[in-house]
Every structure is written in structure tokens, then in C-alpha cells.
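The values are calculated or read from the model by the stated rules, or taken from the named source; none is laboratory data. Keep in mind the model is a prediction, meaning the values are calculated, not measured. Because the Cβ atoms are built from the backbone with ideal geometry, glycine has one as well, and the counts that use them run over all protein chains shown.
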Amino acid sequence: MAQTIPLKDALSADIGLTHHATSGRLSTPARIDYLPLGVFATLDAVASTTITEGGTFQQLVGTFTNSPLQGFSTGTGNIAYTATEDCWFEIVWNAAVKCDAAGKNIHIGVALNDEVIATTDGGVMGGFAKYADEIIHLSGTRVLSLSENDELQIQVTSTTTGDTITCNHFTTAIRRFFS
């Protein structure tokens, strides 16, 4: 036997919620939507970052187009989560980078509130550039919970102080992981 429970949506319209006793499922005649949240960002032009201290992460230099953008705002080199609901997000990024010197390890990481997420937590991916100006492709995926005003930033490092890391292409998608 099904039992209908009154339920009001954000507009105070009665949408009804039905509990099916035999299956334990809930259903509603109306679609209940949640706020779409996320951003897609692309690097506008080739950009170079000079490493000020080898092995230490710093902001990836460059100008990005951030569209679409929902529930986030952009700042100087960061993307801030502006929605009030704590939520899980998946961050997926892809990069084509090179170093001006041979034999260098290049690492790109996702920083949350200025702290790079540890390699063991999937926040950093790296590769080895055997030759100077050899383009390597790096990509990463990270799932994390964001709260209002949390800031995300892409950071980069290389083996040696003074290395110049050039990013030829960069894309990232931040999308709601659980609704």
C-alpha cells in the first residue's frame, strides 16, 4: 500500500511524496531539482611560471575563461565556492606543460585554501621531462567536500629553483559529485 506524504518545495507548492511500502522506494509526481553547481575553465593563452623555490608549489600563472560558472566566483588565480550548502565535488584537470631545462620533474596540484592536497590523496600528479621543452601531458582527478568561501587553485612546481614551466593547454571541470 502506498502512502502519500505532503511535501512543499521552495515555492510552497504541494508536490507530494509517495512511500511504497513493499519496495521501500520514494516517488513524486514532480521533479525535484537541486541547484546546479560547477565550473569549466580553460587557459586563454600559453603562460609561463618561473619556479621561485624548487619543489615548492606556487600558483600556475595564466588567464582563464570560466564558463559556465554556477555557485562559484573567480578571484586572482583562484575559484571560490559561493553556495551555502556543503557539497562534494569532482575536480578533473588536463594540462600540456614543458620545462625550459632537461631532466625535470614537473608536478601540478590542486590547492584547497592555499594548501596543496597531498599526493597520497590524489591532489598532485607529475611527470618527467627528459628533454628541455619536451611537452608532457598531465591529468588528475580529485573528489573533495567544499564549504562556502573555500578557494581552489591550480599550483605547479618543478625540480629546481629558476625552472620555467610553460603551460600550453589547461582545462579543468569542477562538478557536483553527490546531489
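May I ask you to say which residue of TRP88, TRP93 is within 17 Å of GLY71 (Cβ to Cβ) and in a strand (DSSP E or B)?
TRP88
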Could you check the stretch 65-90 and list, in sequence order, the residues that are in contact with a Ser or Thr (Cβ under 8 Å, 6 or more places away or on another chain), farther than 14 Å from GLN155 by Cα and not charged (D, E, K, R)?
THR65, ASN66, GLY71, PHE72, SER73, ALA80, TYR81, THR82, CYS87, TRP88, PHE89
Condition set in contact with a strand residue (DSSP E or B) (Cβ under 8 Å, 6 or more places away or on another chain) and at pLDDT below 90, scope the stretch 43-77, selection surrounded by the most Cβ atoms within 10 Å (Cβ to Cβ): answer is GLY77
Looking at THR157, THR171, THR161 in this structure, which one is out of contact with any strand residue (DSSP E or B) (no Cβ under 7 Å at 6 or more places or on another chain), closer than 22 Å to VAL46 by Cα and in contact (Cβ under 8 Å) with a residue 12 or more places away in the chain?
THR161
Run GLU90 past the list (1) charged (D, E, K, R); (2) over 12 Å from THR172 (Cα atoms); (3) surrounded by 12 or more Cβ atoms within 10 Å (Cβ to Cβ) and report the number of the one that doesn't hold.
(2)
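Kindly indicate which of ALA95, ALA83, ALA101 is under 22 Å from ALA45 (Cβ atoms) and surrounded by 14 or more Cβ atoms within 10 Å (Cβ to Cβ). Walk me through it before giving the result.
On the way: ALA83 fails: under 22 Å from ALA45 (Cβ atoms); ALA101 fails: under 22 Å from ALA45 (Cβ atoms).
Within the list ALA95, ALA83, ALA101, the selection yields ALA95.
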Checking the structure you have, find out if any residue of the stretch 27-42 is outside the structural domain of THR161 (by TED's automatic domain parsing), at pLDDT below 90, in contact with a strand residue (DSSP E or B) (Cβ under 6 Å, 6 or more places away or on another chain) and assigned to a strand (DSSP E or B).
yes
